[in-house]
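Below: the structure, in structure tokens.
Laboratory data are not the source of any read-out in this text; all were calculated from the coordinates shown. Predicted model only: the values in this text are computed from it and were never measured. Here the Cβ positions follow ideal geometry from the backbone for every residue, glycine too, while neighbour counts run over all protein chains shown.
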Amino acid sequence: MRTQSHLRARSRGLSYCLATLLASIAGSALCASAIRNAAGEFIATDLSLEKVRQPADRGPVQVSGASGSGPGSDWNTGVGGRNDRSGRSSQTGPDASTVIWEGSEYNAPIGVPESPATEGSLLVSTRVTASGESQSRGVIVAQDLSTGEELWATQLPISAPDNWWSHSMGVRDGQVYASRSLGISRPDYLYALNTSDGSVVWQSEELIDADIVETPPFAENGDIIIGTWRSLFRVNRVDGTTVWSSPRTCPSQPGGCNATVSGNRIYIWDARILEGGDLGLVVVAFDIDTGAELYQSPALSRGFITIQQIALFADSTGGVYAPSARVAADDALIALQDTGEALVERWRAPIDWVPWASFGVGPDRSVYSYSPAHEVVRLDPETGDVLNTSMPIQFTNRLLPRLAVDALGKLFLTAHYGQGWVYSFDPDLTLRWQETMPGAEGPALGADGTLTVTGTGTALRAYQ
């Protein structure tokens, strides 16, 4: 049996002191560091387990470019671009900051950190208008990637009084995926939209509670993998029915419920009760075909509450990378290896507090992360040793970085919170070029090496 409670905290700064009455620990107070979602909410988990779920039969680990472990020409999902969230692309990005088109018809006072997505010549993004009720402010916009021509703009149906604004989550196989959900406090359906005109193809069988910073990966056949607050499930791409559903306990929102796919495995963060009563943060592997839980990592951190707002990412050789950051002394990027029987820790490297960030894996398997000194660092994938370090990344208030890596190993970075910046680096992190851009979000590296970045106001740029 599980006993569950969720905490919604509102704070004036980075440090949250969450006072709560929990079923298991009445009257206690806890402090954690977190960043709120668009509605000013932060939600964390307390849980008790009487027994640990038993792992299912295990099949061999498969690594396959077709399911997102290798580079592709499309940026199908906002966070990390690929199903494995490695940021890798088969395309060669721009050599210079040459803008081929820019501008948007929508005046967006805030950037939406779900990042744009691409498929072929299609670019899909969310623009948040300057006025109106929350339900009417979000507009999903489709544009021609090479010209910027608007193809269509739409808003989703309203299914409940507390629905949030419409936001896109990804695009794959001729369908845009979108919702009005905003975490557990505002669930909604997942919608599939036709890429030709934005019309609704189907509405999911089940509600989802993904936050706007959480975007889904896909199975090899295009089915959608959704990580929610209390479940992990696979949605049929044809009709929106649920293929399978498995229980999970997301550590915190926004940002912590994302799933990551590599080969025939799905990886998620999960909160588990440990011996002695502490809460532990673990990575759990699931079978993508059946939804069966297979095995979990050792506890990567422990405490009274689990704070985790950064998605996992993976490489093409069974490496799984767990960015554990909560403004604590033990914050680290933790490298795990999926052996087919277990998730084994290989190394740890210090990490900056970068909620909602995405990371990168280069063509030579170099791992790109962020140092506590606000630099991009290139890490040896075998040892975690620092190979190269960038200049310090500029930011206002807090660093919210996203990465894309092209076929030659060049990096493209956006850093946003208020004023934003767009950077490009060589594989050894030598600066190639940089530009300022209000509220820069992305990057999305799509067909023909077109790099798109969304921003606030009417800022939306395509580089080539």
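Conditions tested, residue by residue: (1) without any contact (Cβ under 8 Å) to a residue 40 or more places away in the chain; (2) within 13 Å of PRO443 (Cβ to Cβ).
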position	(1), (2)
PRO355	no, no
GLY362	no, no
SER371	yes, no
HIS374	yes, no
THR389	no, no
PRO401	no, yes
ALA404	no, yes
LEU408	no, no
LEU411	no, yes
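I'd like to check something: does the stretch 154-162 contain any residue that is in contact (Cβ under 8 Å) with a residue 24 or more places away in the chain and on the phi > 0 side of the Ramachandran plot?
No, there is no match, as no residue in the stretch 154-162 is in contact (Cβ under 8 Å) with a residue 24 or more places away in the chain and on the phi > 0 side of the Ramachandran plot.
If you check ILE212, ILE226, which single one turns out to be among the hydrophobic types (A, V, I, L, M, F, W, C), out of contact with any helix residue (DSSP H, G or I) (no Cβ under 6 Å at 6 or more places or on another chain) and not in a strand (DSSP E or B)?
Every option except ILE212 fails the conditions.
Check SER390 against each of (1) closer than 16 Å to ASP315 by Cβ; (2) small (Gly, Ala, Ser); (3) touching a Leu at 6+ places or on another chain (Cβ under 6 Å) and name the one condition it does not meet.
The one condition SER390 does not meet is (1).
Filter the stretch 229-241 down to the residues that are part of a strand (DSSP E or B) and of a type in the set (A, V, I, L, M), then identify the one that is surrounded by the fewest Cβ atoms within 10 Å (Cβ to Cβ).
The qualifying residue surrounded by the fewest Cβ atoms within 10 Å (Cβ to Cβ) is LEU232.
Out of all the residues in the stretch 248-279, which are part of a strand (DSSP E or B), out of contact with any Leu (no Cβ under 8 Å at 6 or more places or on another chain) and either surrounded by fewer than 19 Cβ atoms within 10 Å (Cβ to Cβ) or hydroxyl-bearing (Ser, Thr, Tyr) (or both)?
If the condition is that a residue be part of a strand (DSSP E or B), out of contact with any Leu (no Cβ under 8 Å at 6 or more places or on another chain) and either surrounded by fewer than 19 Cβ atoms within 10 Å (Cβ to Cβ) or hydroxyl-bearing (Ser, Thr, Tyr) (or both), then SER252, SER262 are the ones that fit.
Sort out for me the strands (runs of 3 or more DSSP E) sitting completely within the stretch 131-185 that have 1 or more residues that are surrounded by fewer than 16 Cβ atoms within 10 Å (Cβ to Cβ).
Strands (runs of 3 or more DSSP E) meeting the threshold: 138-144, 150-154.
I'd like to check something: does the stretch 429-445 contain any residue that is free of Cβ contacts under 8 Å to residues at least 60 places away in the same chain, within 20 Å of the chain's Cα centre (by Cα) and closer than 25 Å to THR118 by Cβ?
Among the residues of the stretch 429-445, not one is free of Cβ contacts under 8 Å to residues at least 60 places away in the same chain, within 20 Å of the chain's Cα centre (by Cα) and closer than 25 Å to THR118 by Cβ, which makes the answer no.
Check the stretch 199-208 and report whether any residue there is surrounded by 24 or more Cβ atoms within 10 Å (Cβ to Cβ) and either over 19 Å from the mean Cα position of the chain (by Cα) or among the acidic types (Asp, Glu) (or both).
No - not one qualifying residue is present in the stretch 199-208.
Among the residues of the stretch 349-374 satisfying the criterion of being in a loop (DSSP other than H, G, I, E, B) and within 18 Å of THR317 (Cα to Cα), which is farthest from the chain's Cα centre (by Cα)?
Once the filter is applied, the top-ranked residue is ASP364.
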